[in-house]
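Quick note: the coordinates plus some simple rules give every number you see, no bench work behind them. From a predicted model like this one, the values you see are computed outputs, not experimental measurements. Cβ: placed from backbone, ideal geometry, glycine included. Neighbour counts: every protein chain shown.
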Amino acid sequence: MNNVYHPYIGSHENMMGRTAYIKTKSGYIGGKVVGYVFPKHGIIGTYKVHTEGKTRSATTIYTKEEEELC
């Protein structure tokens, strides 16, 4: 199976407590969405994702879709 990651587009309320992925230099790291910080200016806020014992911030989070190889 191959993992395909898509940027999450939707309401921040729907992702609270769910698993999301953050893109890093070495790949994607999964974790639980624990918070959302509203922007002071503009429309893009910041997600707080708890991964590997620490909380990371990201403006873009990803969802995983498993794709079967034929």
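Residues in segment 27-70 that are closer than 17 Å to ASN2 by Cα and of a type in the set (Gly, Ala, Ser) were compared, and the one that is surrounded by the fewest Cβ atoms within 10 Å (Cβ to Cβ) is GLY27. Taking segment 44-59 only, how many residues are touching a Pro at 6+ places or on another chain (Cβ under 8 Å) and either free of Cβ contacts under 8 Å to residues at least 12 places away in the same chain or not in a strand (DSSP E or B) (or both)? Qualifying residue count for the region: 1.
Residues of segment 1-43 that are more than 15 Å from LYS54 (Cα to Cα) and either in contact (Cβ under 8 Å) with a residue 40 or more places away in the chain or touching a His at 6+ places or on another chain (Cβ under 8 Å) (or both): MET1, ASN2, ASN3, VAL4, TYR5, HIS6, PRO7, TYR8, MET15, TYR36.
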